[in-house]
Amino acid sequence: MTDNTTRKGFWQAIIEIPQKVINFISGGVKRIFTPADDNYPEVGPQPFEGEPAEKKNY
């Protein structure tokens with residue numbers, strides 16, 4: 001009985017391990033190539049509100 005159970009577990013592991021590896025890799029690829037989910041406000045460019053420098057420092 002245990003020999004049959006061991007064989008089933010072995011073949012089940014042979015099937016599950018590649019599936020887990022493929023899911024892991026495809027999850028990373030999906031995360032890389034999906035659009036960003038950042039919800040930053042669209043404020044546009046901000047006007048300059050300071051005084052320009054009199055001397056240019058190069």
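Rule-based calculations on the coordinates, nothing more; no lab input. On a predicted model such as this, the values are computed, not experimentally measured, just so you know. No Cβ is skipped: glycine too gets one built from the backbone with ideal geometry, and neighbour counts run over all protein chains shown.
Using 7 Å Cα-to-Cβ label points, what is the Asn39/Ile22 separation (nm, one decimal)?
3.5 nm
With each label point set 7 Å from Cα along the Cα-Cβ vector, what nm distance links Lys8 and Glu51?
With each label placed 7 Å out from Cα toward Cβ, I get 8.5 nm.
Helix 2-33 sits at what angle to the longest principal axis of the chain, using alpha carbons and giving 0 to 90 degrees rounded to 10?
10 degrees
Name the lysines eligible as straight-distance cross-link partners of Lys8: C-alpha to C-alpha under 24 Å, and not fewer than 8 places from it in the same chain.
Here the lysines satisfying the reach criterion relative to Lys8 are Lys20.
Lys and Arg at +1, Asp and Glu at -1: add these up for the other residues within a Cβ distance under 12 Å of Ala13 and post the number.
Working: positive: Arg7, Lys8, Lys20; negative: Glu16.
Once positives and negatives cancel, what remains is +2.
Go through the chain and name the trypsin sites (Lys or Arg not before Pro) that are in a DSSP coil and have 14 or fewer other Cβ atoms within 10 Å of their Cβ.
Lys55, Lys56
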